[in-house]
Each structure stands twice: as C-alpha cells, then as structure tokens.
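Enquirer: My structure is below; once you've seen it, I'll send some questions.
The numbers here are math on the coordinates, done by the rules we state, and not lab data. Remember, predicted model here, so these are calculated numbers, not experimental data. Cβ placement follows ideal geometry from the backbone for every residue including glycine, while neighbour counts extend to all protein chains displayed.
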Amino acid sequence: MLLYLLGVLVPPLAILLYGKIVYAAFNALLWAYAILTPGMTGLLLWIFASLHASHVIYNARLSRIRH
C-alpha cells in the first residue's frame with residue numbers, strides 16, 4: 001500500500017523500488033516532462049505518470065502472486 005502512495009508522489013521511484021527498471025526509466029521521462037510543463041497539461045501528465053506507476057506495480061504484484 002505504501003508503494004501506491006509513493007507512486008502518486010514520486011512515480012519513477014516507486015516503480016524502481018519494485019525492480020522494473022525499463023518502466024521506471026519511461027516513467028521518469030514522463031514525470032520530468034510533467035514537472036517542466038506548466039498548467040493543466042503538466043497536471044494531466046503527472047496523473048498519467050501516477051496511473052502508469054500504479055498499473056506497473058499492480059501487474060508486478062499480481063505476477064509475483066501467480067508464480
């Protein structure tokens with residue numbers, strides 16, 4: 001549950017802590033672009049980065065449970 005909260009605040013770090021390096025790199029680019037973009041577009045990009053982090057963490061946890 002703490003990783004999901006971290007995924008909202010700092011999405012790339014949450015993905016990186018779960019061990020998904022490629023997804024974390026993509027999310028870091030997206031998150032950095034969201035920080036540098038002002039206004040509503042930056043906020044929407046931040047939300048998208050957070051949703052992406054939540055999705056990656058959920059799928060990684062689900063695959064660990066199945067195996």
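Enquirer: I want to make sure I understand the PRE zone here: with the label point 7 angstrom from the Cα of MET40 toward its beta carbon, which residues in the range 1-19 have backbone N atoms less than 16 Å away?
Expert: none
Enquirer: Now, a different point. ³J(HN,Hα) across the range 35-45 via Karplus (A = 6.51, B = -1.76, C = 1.60, θ = phi - 60°), whole Hz, x for Gly/Pro?
Expert: 3J(HN,Hα) across the range 35-45, in whole Hz: 5, 7, 8, x, x, 5, 5, x, 5, 5, 5.
Enquirer: Here is a further query. Do the sum for the chain: with -39,500 (n - 2.57) for every DSSP H run of n ≥ 4, divided by all residues, what is the mean residue ellipticity at 222 nm, to the nearest 500 deg cm²/dmol? Kindly include the intermediate steps, with their values, before the conclusion.
Expert: On the way: 4 runs with 59 residues, N = 67.
Mean residue ellipticity, 222 nm, calculated: -28500 deg cm²/dmol.
Enquirer: Let me ask you something else. If you stretched the chain out fully between PHE26 and HIS55, how much longer would it get, using 0.36 nm times the residue separation minus the C-alpha to C-alpha distance? Please list the in-between numbers first.
Expert: Working: separation 29, 0.36 × 29 = 10.44 nm, distance 1.35 nm.
Stretched out fully, the PHE26 to HIS55 stretch lengthens by 9.1 nm.
Enquirer: The range 2-66: D in µm²/s via Stokes-Einstein (Kirkwood Rh, Cα pairs, 37 °C, 0.692 mPa s)? Please list the in-between numbers first.
Expert: On the way: Rh = 11.5 Å.
The calculation lands on 284 µm²/s.
Enquirer: Which of the peptides 20-29, 49-58 is most tightly packed, and how do the rest follow, judged by the mean count of other Cβ atoms within 10 Å per residue? Present the calculation step by step, with values, prior to reporting the outcome.
Expert: On the way: 20-29: 16.2, 49-58: 19.4.
Per-residue mean Cβ counts within 10 Å order the peptides as 49-58, 20-29.
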